[in-house]
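The values are calculated or read from the model by the stated rules, or taken from the named source; none is laboratory data. Model, not experiment: these values are computed from the prediction. Cβ coordinates were reconstructed from backbone atoms using ideal geometry, including for glycine residues, and neighbour counts include every protein chain displayed. These accessible areas exclude ligands, DNA and RNA; they are computed on the full protein's heavy atoms, side chains included. Shrake-Rupley method; radii C 1.70, N 1.55, O 1.52, S 1.80 Å.
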Amino acid sequence: MSAAPQVETGRIIGAPVGRKEDLPLVQGQAQWVDNMHVPGTVYLGVVRSPYAHARLAKVDVGPALAHAGVVAAWSGDDLAGDWNGGLPCAWLPTEDTNAPTHLPLATGKARHAGDGVAVVAATSRAAAEDAVELVEVEYEPLPAVVDPEAALAEDAPLVHDELGTNRCYTWTLESADGVDALFADADVVVKERYYQNRLIPNAVEPRAVFVQPLPAAGEYTMWSTTQVPHIARVLLSGLCGISEAKLRVIAPDVGGGFGSKLNVYAEEALALVVARRLGRPVKWTETRSEGYTSTIHGRDVWQEIELAATADGKITAVRVRLTAAMGAYLQLVTPGIPLLGAWLYAGAYDIPGYSFECTGVFTHTTPTDAYRGAGRPEATYAIERAVDALARRLGKDPAELRRLNFIREFPATLASGLTIDSGDYDASLDAALAQAGYEELRAEQASRRAAGDARRLGVGLCTYVEMCGLAPSRVLGAIRYGAGGWDTATVRCLPTGTAQALTGTSPHGQGHETTWAQIVADRLGYDVDEVEVLHGDTSVVPLGMDTYGSRSLAVGGVALYHACERIVAKAQAIAAYRLGVDESRVEYDRGTFTGPEGSVTLKEIALSAWTAHDLPDGMEPGLEASYVYDPPNFSWPGGAHVAVVEVDTETGAVDLLRYVAVDDVGTVINPLIVEGQVHGGLAQGVAQALYEEAVYDEDGNLMTSTMTTYLVPSAAELPDWEVGRTETPSPTNPLGVKGVGETGAIASPAAVMNAVVDALAADGVADVPMPATPERVWRALEEVRT
């Protein structure tokens, strides 16, 4: 893997340019799907099962058809012939992965609370909501199972009878070193068990879809609140039997996703087939309570992790076993989500022995899928919590134990098989500890304990490395992922002195319009405001792999840079022709070509390329270039985070006093956007540690089905984030970028929970489950007191 030549930064790349996207958003000029309406639109309402597991004895839509404003209504059986199969799953990790058919509307059985069983179409949203209540469904309730470990028991109710088991798959990964022998020879073995609490995404904009058909031509335009318009186009075309050439998918302004909109959902397919049946525009917008049961959930994984170590703390092996809930069905990448962390359970540490096993399990719950970090927060949590447990066992400072085990030689091939291209974990830890005032915090912690203060101080660390970028395509193919890791870009230099950048990525809050404009402006010598970024429309940008997994900059942004290089190469040939010299005698610097006796700007060349009055022989008119980039490696951000908490031992309340995050995301294109991404990720990670949890009762009822019971923190519950950066540019791409979208959510749960346990370790508390609610903290203290 050869190093890519690095780009000089410091002009527009690296500058804190204000976000170009924000003005329309704050002025109410954004294009949201729910705002769209054309005459003749019908609105969909979905009838959803109140039971987690029930036989559908009868689904009668007749009473709904009699309601004023209702145009049509169908049960799952009525629409069964409209599908060419089930909703797609793009990642079946093993050859024997159990993949049950998942129809957009259930037939025969409902398998989780919120499972759609019928759909109505009406002339207003209110009429559709009323008509949903009129559909008569006879349910025969059946036993349910919601815990993935319990679902593996022989007598557990089956989610899919035809499979004869609730096991979806078992996937293993092991280093060549004899892991069992390393454990047998270890001086110390630490075995920990953690639960990754189930999470509910809460994007500011609920999901919505709007389909406008052109019946005479058999064409359909679908606007959707999706992260993946290109992927949705391919998969919905196959599912609904619509020619891909006749289906246009547009992701307009999308108000957040965090993985929840990285899916092809039942409602998108329903909107398409209803539009085809009726020949009318169709619209569906979820309610927030609908979203809590019909949009995917995240996490829900039981983790067992063991560390083998020498007496002085050198870790020699790690062994991991996961039991991961799939939910009732497989959504787009459900089975692969736990495996996105499969290579990372050794963290940023040089550990020679590695063993990983994951069993995916069906349960009568909402399907799980990608949620910010997707597999990487889980891996980081397990190894970082276990490292702290080892430090306590050995009586060592957790910072020093980390230093003892860091990877320091790069590129570094992990025992799990992948190669980290660059990093400096000591630098990140040094910076984080200095910024937090680590020694002073430890001194204050000791003095509080000595004084018998009921409010304990805790300091938690997390030193992490993240695998993101979801590439290269050959590696994705080797692990049975159904798509590639490439992405596309096109750059057009228009004759009027402006430029367009067309990208296959599809932002939903990340600031691509600003960052991408900076890359183009920096390389081609334009002002940022002279570059228009186009995205999210499969007719404008036909090829793309969209946005998820912190891949946009490391793949799509680098594709854009390469397209700019092709622009420069063509323009240099034209410049040399105009200046009457050989190309080798022309120098280029951000928009200007200079020869021995004159110069010409790239903008001037764009005009002359458009007129084509005087071009080199054989030169095509116009100044436009495209590039499809397939990275040679994943990207590897890393860093060190420090959380400082105060725990009230009388009430169990946890107060997050400070949070320091020092991240290495390679070259920074725009520090404002990087900090915003870190802030958002931290908020979500801290929420997992202290507040958020989706809870089912034993019958499969979601007990946290509204924002009054599912606790989403506000700014009032969170501290002012203290962020810093170290920088080791990636040598595998010319921009040196790595990725930043998930770093905060990956590191913060472990840092916060390590801080909570650190505060209570002297009291005998070794673990508190997430989220660390006052009740759970109080109970943990009561257990050791009694």
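What to note about this one:
- Dipole of the chain, positive direction: furthest Cα of L461, Y481, S447, with charges on the beta-carbon: Y481
- In plain terms, if you count all Cα to Cα distances in the range 486-629 and split them into 5 Å steps from zero, the share in each step is 2, 11, 21, 21, 18, 12, 8, 5, 2, 0 percent.
- Length gained when the stretch Q29-A443 is fully extended (0.36 nm per residue, less Cα-Cα span): 143.7 nm
- Sorting R19, R321 by solvent-accessible area of protein heavy atoms yields R321, R19, largest first, with a 1.4 Å probe.
- Accessible surface ranking that places the most exposed of V752, V740 first, with a 1.4 angstrom probe: V740, V752
- The slack in the chain from R455 to T708, taken as 0.36 nm per residue of separation less the alpha-carbon distance, amounts to 88.3 nm.
- Apportionment of accessible area to carbon and sulfur, the chain, percent (1.4 Å): 50
- Packing-based order for 49-58, 480-489, 116-125, using average beta carbon neighbours within 10 Å, highest first: 116-125, 480-489, 49-58
- Across the chain, C-alpha contacts under 8 Å between residues 6 or more apart give a mean separation that, scaled by the residue count, equals a relative contact order of 16 percent.
- DSSP beta bridge pairing in the chain, given as percent antiparallel to the nearest 5: 80
- When Cα extents along the principal axes in Å is computed from the coordinates, the matching label among (1) 90, 71, 49; (2) 131, 58, 55; (3) 87, 63, 60 is (1).
- Radius 14 Å from Cβ of V234, net charge of other residues (Lys, Arg +1; Asp, Glu -1): 0
- With K and R counted +1 and D and E -1, the other residues having a Cβ less than 12 Å from that of L199 yield a net charge of -2.
- Overall form of the range 1-111 per C-alpha gyration tensor (a/c, 1.5; a/b vs b/c): oblate
- Exceeding the 27 Å Cα-Cα cut-off - candidates K20/K570; K246/K603; K603/K738; K261/K283; K261/K738: K20/K570; K246/K603; K603/K738
- Over the chain, dividing the summed -39,500 (n - 2.57) contributions of all DSSP H runs of at least 4 residues by the number of residues returns a 222 nm mean residue ellipticity of -8500 deg cm²/dmol.
- Spatially proximal lysines relative to K396 (Cα-Cα < 24 Å; intrachain offsets below 8 disregarded): K191, K314
- Over the range 486-629, accessible surface divided per residue gives 39 Å², non-protein components excluded, 1.4 Å probe.
- Computed with a 1.4 Å probe over protein heavy atoms only, the accessible area of H679 comes to about 70 Å².
- Among W636, W302, the order of accessible area from largest down is W302, W636, computed with a 1.4 Å probe on protein heavy atoms.
- Neighbour net charge for V61 - beta-carbon separation under 10 angstrom, K R +1, D E -1: -3
- Rounded to the nearest 20 debye, dipole of the range 283-325 from Cβ charges on Lys, Arg, Asp, Glu: 100
- When GluC sites (Glu not before Pro) are flagged only if DSSP places them in a loop and at most 10 other Cβ atoms lie within 10 Å, the longest unflagged stretch of the chain comes out as 155-408.
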